[in-house]
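In what follows, a single structure is set out as structure tokens and then discussed.
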Amino acid sequence: MTLRDLAFAGRTLRKSPIFALTAALTIALGIGASTAIFSVANAVLLRPIPYKDPDRLVIASSDMRNRNVRDFPFSNEDFIDMRDATKDAFQDMAGVFTFRNILLKEDGTPEQVRSAVVTTNFFRLVGAKIVLGRDFIDADGLPQPAPPPGVAQPGAPAPPQLPIMAVLSYEYFQRRYGLNPSAIGQVMLTDGPFRPQIAGVLAPGFQLYFPSSANTEPAPEVWIANRLGYDNANRNGVSIRAVGRLRDGVSLERAQAAADNVAAEARKNFLIERTAGYAIRVEPMRRHLVSEVRPAILALMGAVIFLLLIACANVANLLLVRASLRERELAVRAAIGASWWHLARQMLAEAFLLAAIGSVAGLALAWFGIHELLVIAPANLPRLDTIRIDSAVLAFTALAGLLAAVIFGMASAWRASRPDVMNVLRGSSRNEGLASGGLLRKLVVVTEVGLSFVLLIGSGLMFRSFLELQRIDPGFDPRGLLTFQVLGIGNPARAKPEERTAFMHQIQDRLRAITGVQSVAASVPFPLAGGFSPIRWGTEEALSDPGKFQAVDFQIVLPGYFESMHSPLIAGRIFTDADNVPGRNVVVIDQQLADKAFPHQSAVGKRILIRIRTPEAEWVEVIGVVAHQRDESLAERGREQVYFADAFVGAGAARQWAIRTAGDPAKYGSDVRAAIKAVDPRLLVTEMLPMDTLLERAQAGTRFSLLLIGVFAVIAALLASVGLYGVLATVVRQRTAEIGVRMTLGAGPSQIFQLIVGQGLRLTAAGVVVGLIAAFALTRAMTTMLVGVKASDPATFATIAAIFFLIAGIASWLPAWRAASLDPTAALREE
């Protein structure tokens, strides 16, 4: 193909501007959508994590297989054992966990700071750069000195404590200290004894990369050196997420085998690990990061590829019709000596020119689409800030355009390169060329219909899932609830439990006094806000067989929580102020736990074993049973739940609050902040959101996939209907003489109408059959995205088939109406 061919193609397309514009826009839609979604897939699934040698980085997670617990953090002891025992497989291993705390500015104003605690080798392991000051050194991670043996005498001085060293993020250092180098070495003020000393500053943009289910902060502002202690007798405190770097030449399988040996040794030596089915899973860091979102992104990528194929089929049909209409011209060219390759090259040149125009327009559509995607993308989509049009995306667009040109250009090129010169030149009808190539056009339409049907099925399944999400009862009433977090309750000034209890009462009373506030709740964690982790529970049989212990999620709540949340009480009673005192070993459990622990009997008054505040499980009495709450996700029912009063684990733990209001909860924000400040100006109110917003976030992933697949399916259905219309319109033109003869011999308009519509419906039926077979096979990949509906849901398949036949009927109506309206005399005269 030469520039001369392209120039000739350009002149030819200028003579048919409507055709050229239609074809280019069709391709632009397919390439624009596929480029936009590829930009997401590229950023999330393909682009390397910006760490040193990221392909050798792995995440090690612990699983409790007998309790159905996955991706659990490590205790200090288990992390140290694993790090020390796997040195043959791992060059190094580091640990991290994140939290939020309060730091004080010079004027005493509190601010919430995202913080991380890391082992001293963490930054070296991932290749993070220190731009000011120094990195952590091994001495920064030495354990704090233990108190002297024996019983400490009252008033005896405590052993001197080693300093807590910190490295700041560049962004926090800029915001808080104005990039002033003299801040290095300063001690940061907090509302407690924990006061880190600044050692260095990270390079800009450094982040952590874990899936959202790990509950880690992606961009900590203060990084603190972990002074790892080791208490072999108590491995219950878990917090550490482990990152390892494989040694050169060590495969993932060998690293997994080393981790398996460590887990086996732990099961051999420790009862809890043995009865829980403790295991260590090693996974490449990038795969671990995207484990939650990979199915949805791959499904979306598959959807846009289908859309691109449909667009190509549509343009191929347009080019086939165009080649048929130009068959006399091509025959003349062949008659005067043009070779088959010369004729094919002309059609390919037009195809490549249309693809180039469509690619440029598609890139513009993709740029706009990416901005819209960032607005509606769910929060659990990692690396959102890196989604952009880069060289990889540009290469994809160019390749998509090239493949599109080949796909839709080859059919027309093949058709144009083989004109039947004698028959075409001998034919007198101006519709003679349309009589050939009809089968190929029909096959293209059947393909379009089949591909579109698959997309519509996917859209229908996502729509059914979204409807199911709307029907799910979360176990509480989200309407009228304003949620927020209060930090600073555990101030050392309130060291005694009774002081913290009284302080919590003050906050409750101030919030209740706000006009329009009906009730007040406090909890940690809070439903749909994240932070849940399991603890052990069991019945009496677990005393003799520890393998009977199972996992349960827990919440620490203030009395009034269930009333404020409108959580139904099923049996017994809920907490009162009398239960919120030290020494009251009573709990409330949900219906799911009650059914599991005490099937076919009342759980009220029964006892269960719980491990939360002591190394071993202790007995607690069940005083009430409430409805199950959806804590982590609306899509998943989740684990059983047990509720403790705030004082059970030490008053002041419940830091996440909610008020139930008479009107719009969003309007109460300023009143809430004023009430909290009136109790103590050092308290900090953060993360204030209506409960409805948390509920919407819980549906964001399904809504995101539904919206995109739905849009792609609608475009695909429109393109398929346009393709069907084009074929039928061509059939009417091709069979004008035949229709005239039929009408002359007595066929009525209704019979002609039925003839054309019937042909359209037959093509549609063939496409739907192809689509059904493909959909049954392909929609199984969507199983993890669906809620309350099977991938082979008969109602969805039947409904979409009916909708598609309706679309086909509409697309067939206009050509059929034109055929039925023909004047037979005029039709015969025209031919």
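Would you pull out the residues with amide H under 5 Å of ALA603's amide H, same chain only if 5 or more places away, H placed 1.01 Å from N?
Those qualifying (amide H under 5 Å, at least 5 residues apart or on another chain) number zero.
Based on alpha-carbon centroids, what's the gap between the stretch 614-641 and the stretch 85-142 in Å, whole number please?
The stretch 614-641 and the stretch 85-142 have Cα centres separated by 33 Å.
Over the stretch 448-605, what lengths in whole Å, largest first, do the semi-axes of the equivalent ellipsoid take, defined as the square roots of 5 times the eigenvalues of the alpha-carbon gyration tensor?
Taking √(5λ) for each eigenvalue gives 37, 26, 16 Å, largest first.
Sort 89-98, 132-141 by the packing proxy (mean of other Cβ within 10 Å over each peptide's residues), most packed first. Present the calculation step by step, with values, prior to reporting the outcome.
On the way: 89-98: 21.1, 132-141: 16.4.
Most protected by this proxy first, the peptides run 89-98, 132-141.
Rank ARG267, ARG673, ARG479 by accessible area, highest first, at a 1.4 Å probe radius?
ARG479, ARG673, ARG267
Could you work out the relative contact order of the stretch 254-306, using alpha carbon pairs under 8 angstrom and six or more residues apart, expressed as a whole percent?
Relative contact order, the stretch 254-306: 30 percent.
Work out, step by step, the length gained on full extension between ALA798 and LEU543: first 0.36 nm times the residue separation, then minus their alpha carbon distance; give nm to one decimal.
86.4 nm
Which percent of the accessible heavy-atom area of the stretch 607-723 goes to carbon and sulfur, probe 1.4 angstrom?
Working: 2340 of 4360 Å².
C and S atoms contribute 54 percent here.
Rounded to a whole number, what % of the accessible area of the stretch 1-59 do carbon and sulfur atoms account for, probe 1.4 Å?
Numbers: 1790 of 2690 Å².
C and S atoms contribute 66 percent here.
Quick check: with the 1.4 Å probe, what order do THR576, THR35 take by accessible area, largest first?
Largest to smallest exposure gives the sequence THR576, THR35.
Compute the distribution of all C-alpha to C-alpha distances in the stretch 27-106, in bins of 5 Å from 0, and list the percent of pairs in each, rounded to whole numbers.
Each 5 Å bin holds this share of Cα pairs: 3, 10, 12, 13, 14, 13, 11, 9, 7, 5, 2, 1.
For LYS548, list the aspartates and glutamates whose Cα falls under 12 Å from its own Cα; do not include residues on the same chain fewer than 8 positions away.
GLU540
Please report the equivalent ellipsoid semi-axes of the stretch 552-642, computed as sqrt(5 x eigenvalue) of the Cα gyration tensor, largest first, in whole Å.
Taking √(5λ) for each Cα gyration eigenvalue gives 19, 16, 14 Å.
Taking a quarter of the surface of the Cα convex hull of the stretch 644-711, what do you get in nm²?
7.4
Suppose every Lys and Arg Cβ carries +1 and every Asp and Glu Cβ carries -1, with no other charges. What dipole size does the stretch 578-729 come out with about its Cα centre, to the nearest 20 debye?
Dipole about the Cα centre, nearest 20: 140 debye.
Would you kindly state how much longer the chain becomes between ILE514 and LEU814 on full extension, computed as 0.36 nm times their sequence separation minus their alpha carbon distance, in nm to one decimal? Don't skip to the end; give the middle numbers.
On the way: separation 300, 0.36 × 300 = 108.00 nm, distance 6.51 nm.
Here the answer is 101.5 nm.
Which of the residue pairs LYS105/LYS496; LYS87/LYS268; LYS496/LYS596; LYS87/LYS129 have a Cα-Cα distance greater than 28 Å in the structure shown?
LYS496/LYS596, as the Cα separations exceed 28 Å there.
Given the Cα-Cα distance of ALA146 and ARG4 and 0.36 nm per residue of separation, how much length would full extension add, in nm?
42.6 nm
Percent antiparallel among DSSP beta bridges with both residues in the chain, to the nearest 5?
Of all bridge pairs located within the chain, approximately 80 percent are antiparallel.
Mind ranking ARG287, ARG697 by accessible surface for me, highest first, 1.4 Å probe?
ARG697, ARG287
On each of the three principal axes of the Cα atoms of the stretch 173-322, give max minus min coordinate, whole Å, ordered largest first.
Per principal axis, max minus min of the Cα coordinates gives 80, 53, 33 Å.
Compute the accessible area per residue over the chain, keeping the other protein chains in place, probe 1.4 Å, unit Å².
Computed with neighbouring chains in place, this is 43 Å² per residue.
Go ahead and run the numbers for FRET between THR614 and ASP664, Cβ-Cβ distance against an R0 of 41 Å, rounding to 0.05. The partial results should precede the final answer.
Working: r = 44 Å, r/R0 = 1.08.
Computed FRET efficiency for THR614 and ASP664: 0.40.
Give the lysines reachable from LYS667 as a straight Cα distance under 25 Å; neighbours fewer than 8 places away on the same chain don't count.
LYS667 reaches LYS677.
Positive end of the dipole of the chain, charges at C-beta (+1 Lys, Arg; -1 Asp, Glu), about the Cα centre: which of THR119, LEU707, ALA651 has its Cα farthest in that direction?
It is LEU707.
Helix by helix through the chain, keep the DSSP H runs that span 27 Å or more along the axis on Cα and average at least 0.5 on Kyte-Doolittle, and give those back in order. Mind showing how you got there, number by number?
Numbers: long enough: 17-41 (35 Å, 1.83); 294-325 (46 Å, 1.92); 340-376 (51 Å, 1.30); 391-416 (36 Å, 1.67); 438-471 (49 Å, 1.10); 700-734 (50 Å, 1.68); 749-778 (42 Å, 1.47); 794-820 (37 Å, 1.41).
Helices meeting the span and hydropathy rule in the chain are 17-41, 294-325, 340-376, 391-416, 438-471, 700-734, 749-778, 794-820.
Taking only the alpha-carbon positions of the stretch 1-151 and ignoring solvent, what does the Debye formula give for the base-10 log of I(q)/I(0) at q = 0.09, 0.12 Å⁻¹?
-0.62, -0.83
Carbon-plus-sulfur fraction of the accessible area of the stretch 462-522, 1.4 Å probe, in percent?
That fraction is 50 percent.
P(r) for the chain: what percent of alpha-carbon pairs falls in each 20 Å bin, starting at zero?
Bins of 20 Å from zero give 13, 36, 29, 16, 6, 0 percent of pairs.
When only C-alpha pairs under 8 Å and at least 6 residues apart count, what is the relative contact order of the chain, in percent? Walk me through the intermediate numbers first.
Details: 1520 pairs, mean separation 140.5, N = 831.
The normalised contact order for the chain reaches 17 percent.
Place a +1 charge on the Cβ of each Lys and Arg in the stretch 1-78 and a -1 charge on the Cβ of each Asp and Glu, then give the dipole magnitude about the Cα centre in debye, rounded to the nearest 20.
680
Would you calculate a helix-derived [θ] at 222 nm for the chain, using -39,500 (n - 2.57) for each DSSP H run of n ≥ 4 and dividing by the full residue count, to the nearest 500?
Value at 222 nm, helices only, nearest 500: -15500 deg cm²/dmol.
The values are calculated or read from the model by the stated rules, or taken from the named source; none is laboratory data. In this text the structure is predicted, and so the values were computed from the model without any measurement. We place every Cβ from the backbone using ideal geometry, glycine too, and count neighbours over all the protein chains shown. Accessible surface areas use protein heavy atoms only, side chains included; no ligands, DNA or RNA. Shrake-Rupley method; radii C 1.70, N 1.55, O 1.52, S 1.80 Å.
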